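Participant: Below you will find the structure I want to go over with you.
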Amino acid sequence: MGNRDVADLLENIANLLEIRGENPYRVRAYREAGRHIANMAEDINKVAEAGRLQDIPGVGESIANKIREFLTTGRLAYYEDLKRQVAPGVSQLLEVPGLGPRKAQEINRALGITSIAELEKAAREHKLSKLPGIREKTEQKILREIERLQQRTRRILLGVALPAAEEVVNLLKVHPQVQRIDPAGSIRRMKETIGDIDVLVASTKPVEVMDALCSLRIVKEVLAKGTTKSSILTRANLQIDVRVIHPDEYGSALQYFTGSKDHNIALRDIAIRKGLKLNEYGIFDVKTGRRLGGETEEQVYHILGLRWMPPELRENRGEIEAAAKGKLPKLIEIGDIRGDLHVHTDWSDGTDSLDDMVEAALERGYEYVAITDHSIGLGVARGLSVERIREQRRIVDQLNRKYAPFMILHGIEVNIRGDGTLDYDDEVLAEFDIVTASIHSGFGQPREKITARIIRAMQNPNVDAFNHPRGRLIGKREGYAVDLEAVIREGAKRGVAIEINSQPDRMDLDDVWARRAKELGATLVIDTDSHSKGQLDFIRYGVAVARRGWLERSDVLNALSLKDLLKRLHPARMAA
DNA sequence: GCCGTTTTCGGCCCGACTGTTTTCAGTCG
């Protein structure tokens, strides 16, 4: 029973209470508590054992008791009761946009409908419009939404959404009536997945901007077009919502539409206590109604007594308290990254040559790059034999003479076998400039076994980093079961860096765990795991995870200069 | 149900939109 289970339990309770039409603040209390637990890296069992459940924001006596019961017995009587009181399937109806708890409950009560399929049938037979508060239009809307629901794609990877948003931004920003333009929402916060792609424009001629948007060459279909807000479908089938704001209101609008929702709620709470009112049009004095600001985000935060903060922090995970005390972290930036330490070539499963990958790293302005092809055990990826390693080493040495002072580190992504041993003997591993270790098989092993296996690998003194620690592929594969806390502690103890893998479908570690790793004293390394030249640009996604995890330059191995990096990896060699 | 530089009780973010309404409830972001 882990954090996820508890968070899901609380969210489910909130949903059931909502359907029952309970006090909305009680519903929100469960939702809040669940969200904080989902955002927490520390194991809830440990927190419970230490009697610190009520230290979790949003968890009071009542919820703490329920969590304790759930953790010790595996079930919760209160939740079982609740489930019995709510007809099964009603919560499914809530998935239809436009149907909230009230209407869903009414539809279920009056017609006995418990699934979306039944709902669709009833709507077609015009049975819904006999109910109070529902007429022809609502019925039609429900049918449309069900249809959309069936063909809707789920959340989009940041690595897909961000380039799409940037394309629209770049095409529109040359328009003479566009004064400012930015991606907003979860894209601006650089969340690993994105629901809606939002773009914000500052202009005094919104209609002209809307016309320009809808006639862009990337537009496949105009889904909605208004005077200040339009939605387009791109040729890549991505929906992008664009809104135009008056330049005087751009700061408060950008703040508002960047979110997160929780962050904004907390800000407005501060505003209320100060006798102020905050909305997308500005920040106002409640008594006089006078507008105090809103042209820039900085203004909004300053009037609330806070420092401006990077969007990546705005998740209501303590950033507001930190901003009030002037204790915001100085987040790592993409320019702090001095090199990439996890890169593949066509020697194993990459598509570009060693030379090309090195050239691409140089072009990025790096001081170094580590070539880390796969080891022999990974047959599918053409893992290198010992002979091939030595051959590759000779070529790396040649290239190093050519490109000095830029340095190519000869590395390896060594496979951790089922028992925790590594693919090569220690003598072979000792020849590399950097050894990174990964799991590529045995994902189904029990948690204890995988954890022990990884820790054994980390205890090999040749290992410098542990790659994509959770083994997840977003939307495709859950990570393996592992006690990450123990793995990270081991890394901190042995000086093994923990990777933030920048591949858009990995983002592994994620933001929550990156922050926890910092707390536990581990060093992180932000890598792209590139399999082609272009993928070196993925580094910005890894940096985004790091920033969302509150990391600073000093937390990151490859923010070190080449000299300091070599000192860190090979203190003995450097002394010699 | 939670929480406290107003409070241990009485608040709890704000505005827009839609459809159903003759003044507002429900839903959403």
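Quick note: the coordinates plus some simple rules give every number you see, no bench work behind them. As the structure is a prediction and not an experimental result, all values here were calculated from the model. Counting neighbours? That spans all protein chains shown, and the Cβs are built from the backbone with ideal geometry, glycine included.
Participant: Which loop trypsin sites (Lys or Arg not before Pro) in segment A:1-61, with loop taken from DSSP, have no more than 16 other Cβ atoms within 10 angstrom of their Cβ?
Facilitator: A:ARG20, A:ARG52
Participant: Would you please name the GluC sites (Glu not before Pro) within segment A:330-364 that are DSSP coil residues with at most 10 other C-beta atoms within 10 Å of their C-beta?
Facilitator: The qualifying sites: there are none.
Participant: Which of the pairs A:LYS229/A:LYS261; A:LYS402/A:LYS493; A:LYS121/A:LYS261; A:LYS141/A:LYS191; A:LYS191/A:LYS225 have their Cα atoms more than 29 Å apart in this structure?
Facilitator: Pairs exceeding 29 Å: A:LYS402/A:LYS493; A:LYS121/A:LYS261; A:LYS141/A:LYS191.
Participant: Of A:PRO163, A:PRO176, A:ILE142, which is farthest towards the positive pole of segment A:113-186's charge dipole, taken about the Cα centre with +1 and -1 on the beta-carbons of Lys, Arg and Asp, Glu respectively?
Facilitator: Checking the options against the dipole of segment A:113-186, the answer is A:ILE142.
Participant: Here is a follow-up. Kindly identify segment A:472-576 as rounded, prolate or oblate by the Cα gyration tensor criterion: order the square roots of the eigenvalues as a ≥ b ≥ c, call it rounded if a/c is under 1.5, otherwise compare a/b with b/c, prolate if a/b is larger, else oblate.
Facilitator: The shape class here is oblate.
Participant: How charged is the neighbourhood of A:ILE19? Take every other residue with its Cβ under 12 Å from the Cβ of A:ILE19, and add Lys/Arg as +1 and Asp/Glu as -1.
Facilitator: Overall, the nearby charge balance is +2.
Participant: For the ranges A:339-349, A:443-453, what's the packing order if you count other beta-carbon atoms within 10 Å of each residue, average per peptide, and put the highest first?
Facilitator: Ranking, from highest mean packing down: A:339-349, A:443-453.
Participant: Quick one: grab the alpha carbon gyration tensor of segment A:334-575, order the square roots of its eigenvalues as a ≥ b ≥ c, and give me rounded if a/c is under 1.5, else prolate or oblate depending on whether a/b is larger than b/c.
Facilitator: Rounded, since a/c falls under 1.5.
Participant: State, to one decimal in nm, how far the label point of A:THR228 lies from the label point of A:ALA486, with both points 7 Å from Cα in the Cβ direction.
Facilitator: With each label point 7 Å from Cα toward Cβ, the separation is 5.7 nm.
Participant: In chain A, with Lys and Arg counted as +1 and Asp and Glu as -1 at Cβ, which of these residues, A:PRO571, A:ILE337, A:PHE432, has the Cα nearest the positive end of the dipole, that is, farthest along it?
Facilitator: Farthest towards the positive end: A:ILE337.
Participant: Another one. Please give the charge dipole size of chain A, origin at the Cα centre, charges +1 on K and R Cβ atoms and -1 on D and E Cβ atoms. Round to the nearest 20 debye.
Facilitator: The calculated dipole for chain A is roughly 2000 debye.
Participant: List the GluC sites (Glu not before Pro) within segment A:461-565 that DSSP assigns to loop and that have no more than 15 neighbouring Cβ atoms inside 10 Å.
Facilitator: When the GluC sites (Glu not before Pro) of segment A:461-565 are filtered for loop state and at most 15 Cβ neighbours within 10 Å, A:GLU478 remain.
Participant: From the residues A:HIS410, A:ILE67, A:ILE107, which one has its Cα farthest along the dipole of chain A in the positive direction, the dipole being from +1 and -1 charges on Cβ of Lys/Arg and Asp/Glu about the Cα centre?
Facilitator: Going by the charge dipole, the pick is A:ILE107.
Participant: Could I ask something else about it? Take the Cα atoms of segment A:156-245, build their convex hull, and give its volume per residue in Å³.
Facilitator: 76
Participant: In segment A:403-446, which residues have a backbone nitrogen under 12 Å from the label point lying 7 Å from A:ARG456's Cα in the Cα-to-Cβ direction?
Facilitator: Once the point is set 7 Å along Cα→Cβ of A:ARG456, A:416-423 turn out to lie under 12 Å by backbone N, inside segment A:403-446.
Participant: Label-point separation (nm) for A:ASP285 and A:GLU427, each offset 7 Å from Cα along Cα-to-Cβ?
Facilitator: 8.2
Participant: Is there a quick way to get the dipole size of segment A:156-245? I mean about its Cα centre, with the Cβ of Lys and Arg at +1 and of Asp and Glu at -1; what is the value in debye to the nearest 20?
Facilitator: With only Lys, Arg, Asp and Glu charged at Cβ, the dipole is about 100 debye.
Participant: Okay, next question. Sorting A:PHE538, A:PHE406 on the 10 Å Cβ count, fewest up front, what's the list?
Facilitator: Placing the least packed residue first, the sequence is A:PHE406, A:PHE538.
Participant: What does the charge count near A:ASP419 come to, summing +1 for each Lys or Arg and -1 for each Asp or Glu among other residues with Cβ under 10 Å from its Cβ?
Facilitator: Around A:ASP419, the surrounding residues sum to +4.
Participant: So what are chain A's ellipsoid semi-axes, whole angstrom, largest first, if each one is the square root of 5 times an eigenvalue of the alpha-carbon gyration tensor?
Facilitator: So the three semi-axes of chain A are 45, 31, 25 Å.
Participant: I've got another one for you. What is the sum of charges around A:GLY521, taking Lys and Arg as +1, Asp and Glu as -1, for the other residues whose C-beta is under 10 Å from the C-beta of A:GLY521?
Facilitator: Neighbour charge sum, excluding A:GLY521 itself: +1.
Participant: Any idea what the dipole of segment A:249-325 comes to, in debye rounded to 20, about its Cα centre with Lys/Arg Cβ at +1 and Asp/Glu Cβ at -1?
Facilitator: Once rounded to the nearest 20, the dipole reads 380 debye.
Participant: Right, something else. How large is the helix-only mean residue ellipticity at 222 nm for chain A, computed as the sum of -39500 (n - 2.57) over DSSP H runs with n ≥ 4, divided by its residue count, in deg cm²/dmol to the nearest 500?
Facilitator: -12500 deg cm²/dmol
Participant: For a quick protection proxy, order the peptides A:183-193, A:113-123 by their average other-Cβ count within 10 Å, most packed first.
Facilitator: A:183-193, A:113-123
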